[in-house]
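A quick write-up on the structure given underneath.
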Amino acid sequence: MLPVICLLVSCNTARLSNAEEKQQIGEYYEAASIYRKVYTKTSPRDRFLRGYIAFRMAECNRLINHTPRAVSAYMNAIRYQYADSSANFWLGSMQQKQGSYAEAIKYYKAYLASDPSNIWAQNGIQGSELAIQWRKNPTRYQVTRMEKFNSRRSEFSPMLYGSNYDQVYFASSRMKDNKISAITGLSNNNLFLAKQDENGNWLAPEEIEDEVNTEFDEGTPSFTSDGNTMYYTYCSEAPEGPRTSEIYVSTRSNAKWGKGTRTSLVKDSVTTLGHPSVSPDGRYLYFVSDMGGYGGKDIFRARRIGNDFGPMENLGPQINTPGDELFPYVRDSVTLYFASNGHPGMGGLDLFKASLDTTGAWQVENMKYPVNSMGDDFGITFAGKREKGFFTSNRNDLRGNDHLYSFELPLITVVIEGIVSDLDEYPIEEATVRIVGRDGLNEKVQVRRDGTYRVELERDVSYVMMASARGFLNQNFELRTSPEEKSETYLVDFFLSPVYTPVVIENIFYAYDSAVLRPESREALDELIKMLNDNPNVTIELGAHTDRMGTEAYNEALAQRRAQAVVDYLIAGGITPERLEARGYGKSVPKTINKKMAAEWDFLKEGDILTEEFVRSLSPEQQEAADQINRRTEFKVLRTNYNLY
């Protein structure tokens, strides 16, 4: 048996060297395929060899985003007790990319047992714990897979184009030929373009037929503000050795993109360059490189000087980490978006927003779920100042292919609206609403012909409003809007009291045959206090009226006591006595029916006066209702110049 075992090992070793060679030159897809074949033919009794092959196969699958296969291979490497402790770390990383956060934390902790100070594993645990929270409490961004743009292959790095952001360029491997890259297992990427129709609907993307596309890899386009210059990543193929990406530039002429040429960012052809992003003012080109820095790939920038560039400038440790920082997108002079696997995140690459503070330091924040996911999320583009656009993600794709997603942050609208009416609920056409806020708002709004108004407000702000109209008393209202991140509509109607007409104070109740105010009268009287405070220059008369029962002298005395009881309540509520007069009318001033009352009582019409003679002509039930109408407390404005002189 020994010669047979040796023969099998010898055969496997030869094929193993082939896989190792492919892995060394970066052809991970081909290498993973060979490793898999070698693994299946290797005896389980050869635990060391099986563990070694499983680990190498896992590494290749990890690098081409075949995460489920990588998880399985790392688990096999650990099962066969492969000596490299990084298997625990990478298995934790792959579990995190699958959204299995509890499992990820377990393997990260297992790795920390051998390397307690490892920042990568610590970040992995922190990111997994945060991801659990972020999924439970998502941001308001709405994320949608763009089926119109996507294919069975891969597409990534969208970039909106045009003054109306009605075109989007992106890279895709949906090539017509069947040539497959040994590196990724996909076709080379070319640039595609999708446009909107006149109704704003996105049309199916089409491959750009201009010279800028070649048989090699093109991607990550970025455009100058005039739309005539495009920087992009270009990667040719070499017969052997590592693949190096470069930044190329193409100019637009006669509605076509010309053949790309290599930029002069660096002199050599060995330094990796990619993912260009032109600042909106055109002064700088941001990009990614592995030339020194903080580890992995870092984000740099260089000043544009005509067709040349100034020195490369690393963005520093607030942005760059020992991991990879990729796909920068410069939104404005103080805001940068990028992808990273070095800052704590949900798994794979996460999207981050970096803002320059007043000291010139970058403040970096994770964009959280649902923009970020357990997979790779990168390559974002915005439609100008609007919180909407597109980005790339390989979430929920078992083959690890990237696809395009849209995102939008719905606008929060906080609105106050209502109607300004008189006390009979008829709109006042010429009313105005003044609103003053702690946010600096100071707006005077003319109501519409139907008395309605509408004003947009901000969240978590205090406002004071005042409705006014000629011939009416002012009415104020105070509001503090909610701090919650959601749209709100506040409904506030104003009912203004006339200056020249007596106004019945509804819901004023006295004890039977007494001037003692009943407790249920307080709400109406407190509203009267508010009205007087809203109109500090007004002096009013409080008039009490009785029904037709009893003598005139008795009714006048009772009415006077009742009117005084109301005045006393108002004084106790802080109203100056000089602004108030009490008058007991008894039954001497019967009520005149107005339009609203006529609509409420079918036996009355507008203009009827509820005199004793009129009331006696009614049925007993109608008499009781008329007597109730006559029993009332009213106020009327006497003067509007109190404290003015």
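The values are calculated or read from the model by the stated rules, or taken from the named source; none is laboratory data. A quick note: this is a predicted structure, and the numbers were derived from the prediction, not measured. Using ideal geometry, Cβ is built from the backbone for each residue, glycine included, and neighbour counts are taken over all protein chains shown. The accessibility values were calculated without ligands, DNA or RNA, using every heavy atom of the protein model including side chains. Shrake-Rupley method; radii C 1.70, N 1.55, O 1.52, S 1.80 Å.
Here is how the numbers come out for the structure above:
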quantity: Percent carbon-and-sulfur accessible area, the chain, ignoring ligands, DNA and RNA, probe 1.4 Å; calculated: 49 percent
quantity: Thr271 versus Arg135: modelled label distance in nm, points set 7 Å from Cα along the beta carbon direction; calculated: 4.2 nm
quantity: R0 of 51 Å, Cβ-Cβ distance Tyr490-Thr551: FRET efficiency to nearest 0.05; calculated: 0.50
quantity: For peptides 309-315, 627-633, sequence by mean Cβ density within 10 Å, most packed first; calculated: 627-633, 309-315
quantity: Relative contact order computed over region 337-387 (Cα-Cα under 8 Å; 6+ residues apart), in percent; calculated: 38 percent
quantity: In degrees, nearest ten, helix 86-97 long axis to first principal axis of the chain (Cα); calculated: 40 degrees
quantity: Probe 1.4 Å, accessible area per residue of the chain, Å²; calculated: 51 Å²
quantity: Amide H contacts of Ile208 (H built 1.01 Å from N, under 5 Å, at least 5 apart or other chain); calculated: Leu191, Phe192, Leu193
quantity: Fully extended contour minus Cα-Cα distance, from Arg153 to Ser617, at 0.36 nm per residue; calculated: 157.9 nm
quantity: Glu488 long-range amide H proximity, modeled H, under 5 Å; calculated: Thr413, Val414, Val415
quantity: In degrees, nearest ten, helix 47-63 long axis to first principal axis of the chain (Cα); calculated: 50 degrees
quantity: For peptides 418-424, 298-304, sequence by mean Cβ density within 10 Å, most packed first; calculated: 298-304, 418-424
quantity: The chain, relative contact order in percent, only Cα pairs under 8 angstrom and at least six apart counted; calculated: 8 percent
quantity: Segment Thr413-Met291, length gained on full extension (0.36 nm per residue, minus Cα span); calculated: 39.2 nm
quantity: For the chain, radius of gyration divided by Kirkwood radius, i.e. Rg to Rh on alpha-carbons; calculated: 1.25
quantity: Nearest 10 degrees, 0 to 90: helix 119-136 Cα axis against the chain principal axis; calculated: 40 degrees
quantity: Paramagnetic label zone (point 7 Å from Cα along Cα-to-C-beta, Asp357; backbone N under 20 Å) in region 290-331; calculated: 315-321
quantity: For region 24-92 and region 431-465, distance of Cα centres in Å; calculated: 66 Å
quantity: J(HN,Hα) series, region 515-527, from Karplus relation 6.51 cos²θ - 1.76 cosθ + 1.60, nearest Hz, glycine and proline x; calculated: 9, 7, 6, 7, x, 5, 7, 4, 4, 5, 5, 5, 5
quantity: Amide hydrogen neighbours beyond the local backbone of Gly418, cut-off 5 Å, H modeled; calculated: Tyr453, Val492
quantity: Cα-projected label distance for Ala83 with Glu313, points at 7 Å along beta-carbon direction, nm; calculated: 4.9 nm
quantity: Order by protection proxy (mean Cβ within 10 Å, highest first), peptides 125-131, 111-117; calculated: 125-131, 111-117
quantity: For region 499-506, Karplus couplings with θ = phi - 60° (6.51, -1.76, 1.60), whole Hz, Gly/Pro x; calculated: 7, 9, 10, x, 10, 6, 8, 5
quantity: Nitroxide proxy distance, nm - points 7 Å out along Cα→Cβ at Arg480 and Glu624; calculated: 4.8 nm
quantity: Segment Asp281-Val436, extension gain: residue separation times 0.36 nm, minus the distance between their alpha carbons; calculated: 52.1 nm
quantity: Of Ser393, Met466, Asn442, farthest towards positive along the dipole that unit charges on Lys, Arg, Asp, Glu beta carbons give region 385-470; calculated: Ser393
quantity: Per principal axis, descending, Cα span of region 501-645 in whole Å; calculated: 51, 30, 26
quantity: Largest to smallest accessible area among Arg135, Arg395, Arg153 [probe 1.4 Å]; calculated: Arg135, Arg153, Arg395
